[in-house]
């Protein structure tokens, strides 16, 4: 990852860690926990017969993207910021598709969408998308 301010790197770790833990807990609840008490009617008109496959997708795709970004950042790979941006986009797409399938909105959808958005913004900042100094004016 490029040399970003310390607060950006910490923010990426916090948001990705939160998203990873949440995805793993969600996967466990949807697969082992039998849907965490979510009404089956929410997925009646979808391709899913149960919450098991959405749980697997949540853990493997969403959680996996977060894990890859965290490992890359920990190992200081140049690709880390790009992986964080991708992981944030995966989170936002997951929330959008989930709402589209279930036709139900919860405040948690907002929390996780904002988490994905924050991760993308922090990743873009880590890639150097800010002027130096921040309030400098361009010459005429």
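Within the bounds of region 72-81, is there any residue that is in contact (Cβ under 8 Å) with a residue 12 or more places away in the chain and under 22 Å from residue 108 (Cβ atoms)? Checking region 72-81: not a single residue is in contact (Cβ under 8 Å) with a residue 12 or more places away in the chain and under 22 Å from residue 108 (Cβ atoms). Do we have residue 85 as out of contact with any strand residue (DSSP E or B) (no Cβ under 7 Å at 6 or more places or on another chain), buried (at least 20 other Cβ atoms within 10 Å of the Cβ), modelled with pLDDT of 95 or more and farther than 30 Å from residue 45 by Cβ here? Criteria met by residue 85.
Looking at region 101-109, is at least one residue in contact with a helix residue (DSSP H, G or I) (Cβ under 9 Å, 6 or more places away or on another chain), crowded, with 16+ Cβ neighbours inside 10 Å, assigned to a helix (DSSP H, G or I) and modelled with pLDDT of 95 or more? Checked region 101-109: at least one residue is in contact with a helix residue (DSSP H, G or I) (Cβ under 9 Å, 6 or more places away or on another chain), crowded, with 16+ Cβ neighbours inside 10 Å, assigned to a helix (DSSP H, G or I) and modelled with pLDDT of 95 or more.
Picking from residues in region 33-47 that are touching a helix residue (DSSP H, G or I) at 6+ places or on another chain (Cβ under 6 Å) and in contact (Cβ under 8 Å) with a residue 40 or more places away in the chain, the one that is surrounded by the most Cβ atoms within 10 Å (Cβ to Cβ) is 42. Of all the residues in region 13-69, those that are assigned to a loop (DSSP other than H, G, I, E, B) and closer than 21 Å to residue 111 by Cβ number 7. Looking across region 84-118, the residues that are under 30 Å from residue 3 (Cβ atoms) and touching a residue at least 40 places away in the same chain (Cβ under 8 Å) come down to 84, 85, 87, 88, 91, 112, 115, 116, 118.
Residues satisfying the criterion are present in region 18-27 (criterion: surrounded by fewer than 19 Cβ atoms within 10 Å (Cβ to Cβ), touching a residue at least 40 places away in the same chain (Cβ under 8 Å) and either on the phi > 0 side of the Ramachandran plot or out of contact with any strand residue (DSSP E or B) (no Cβ under 9 Å at 6 or more places or on another chain) (or both)). Is it true that residue 113 is surrounded by fewer than 14 Cβ atoms within 10 Å (Cβ to Cβ) and assigned to a helix (DSSP H, G or I)? For residue 113, the condition - surrounded by fewer than 14 Cβ atoms within 10 Å (Cβ to Cβ) and assigned to a helix (DSSP H, G or I) - is not met. Take the conditions (1) part of a helix (DSSP H, G or I); (2) at pLDDT below 90; residue 94 misses just one of them, which is (2).
The values are calculated or read from the model by the stated rules, or taken from the named source; none is laboratory data. Here the structure is a predicted model, which is why all the values come from computation and not from measurement. Here the Cβ is made from the backbone with ideal geometry for all residues, glycine too, and neighbour counts use every protein chain on show.
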